[in-house]
1. List the pairs from LYS205/LYS240; LYS35/LYS205; LYS205/LYS236 whose alpha-carbon separation is above 21 Å, in the order I gave them.
2. Which whole-Hz ³J(HN,Hα) couplings does the stretch 75-84 yield from phi under the Karplus relation 6.51 cos²θ - 1.76 cosθ + 1.60, θ = phi - 60°, glycine and proline marked x?
3. Whole angstrom only: what separates the Cα centroid of the stretch 123-201 from the Cα centroid of the stretch 27-53?
4. Of the heavy-atom accessible surface of the stretch 1-120 (probe 1.4 angstrom), what whole percent is carbon and sulfur?
5. Cα gyration tensor of the stretch 175-232, axes a ≥ b ≥ c as square roots of the eigenvalues: rounded (a/c below 1.5), prolate (a/b > b/c) or oblate?
6. Tally up the carbon and sulfur contribution to the accessible surface of the stretch 170-242 as a whole percent, 1.4 Å probe, everything protein left in place.
7. Report the dimensions of the stretch 1-129 along its three principal axes from the alpha-carbon atoms, largest first, rounded to Å.
8. Using the heavy atoms of the protein chains alone and a 1.4 angstrom probe, what is the accessible area of the chain per residue in square angstrom?
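The values are calculated or read from the model by the stated rules, or taken from the named source; none is laboratory data. What you see is a predicted model; the values in this text were computed from it and never measured. Glycine gets a Cβ as well: all are built from the backbone with ideal geometry, and neighbour counts include every protein chain shown. The accessibility values were calculated without ligands, DNA or RNA, using every heavy atom of the protein model including side chains. Shrake-Rupley method; radii C 1.70, N 1.55, O 1.52, S 1.80 Å.
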Amino acid sequence: MYFIEKYFWVFSVFLLPVLYIMVATVFYLVFYVWKKNEYSVNKIQAGPLSRLQFRRELAYGFISLVIFAITGFVVFLLYRYRISVIYFDINSYGFFYFFLSIILLIFFHDMYFYWTHRLLHLPGWYQQVHSIHHLSSNPSPFTSLSFHPVESVIQALVLPLMVVIIPAHPFAIFFFLIYMVYKNVRGHAGFEFTTSSRRGSTWNKVHSYSIHHNLHHLHGRGNYGLYFTIWDRMMKTLRKDG
């Protein structure tokens, strides 16, 4: 555990950018290169990824990764100067809380994302900031990183906010980040493998699937959630065509 604490700044700065690069690249290579014909039936919107969209997403994605890295360093500084509630000894809170903290991080982020996403769709915010993300009406794995710098800052700020509110072990943050990156990339990948009947089952209704966010990109409204449909259902912003 000493090793992790000693190099926590490396974990803070590089983990999120590296995860995004790895997961987005794997999704792209599998669905758009190696298995594109095999999985074409699962493509939500027809049409290939254009070179213009690909280059634009990589350019904005690079800026987002830099912002995420800087935000990660802020997380380290919050820990370094004892402003955060990050802890390294699991026994401080116990194993039950360790797993509970992962769930708390996920639900907190889902709430944060929903309301900041709604903010970014307000007049002014949308035209000046969020419209960059919506240039990709038929999203790809790299759309998950394609933000205006202001939006990247807004979305990245959730990490410093969480670590000063929710006590979390670095491994809990690590598992949360894996889940976050996977869901975000999958939601933008452009493919859906779950049938409508399965998505409509009692348990699965609360989950946000790829088609939910894809429809948001296609129509530009509704389905504002990230991990779940809970806030969309409560605020009556869930689209009926997903």
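1. LYS35/LYS205
2. 4, 4, 5, 4, 6, 4, 9, 6, 8, 7
3. 20
4. Looking at the stretch 1-120 in its full context, I get 71 percent from C and S.
5. Note, shape of the stretch 175-232 comes out rounded.
6. 62
7. 52, 40, 27
8. That works out to 51 Å² per residue.
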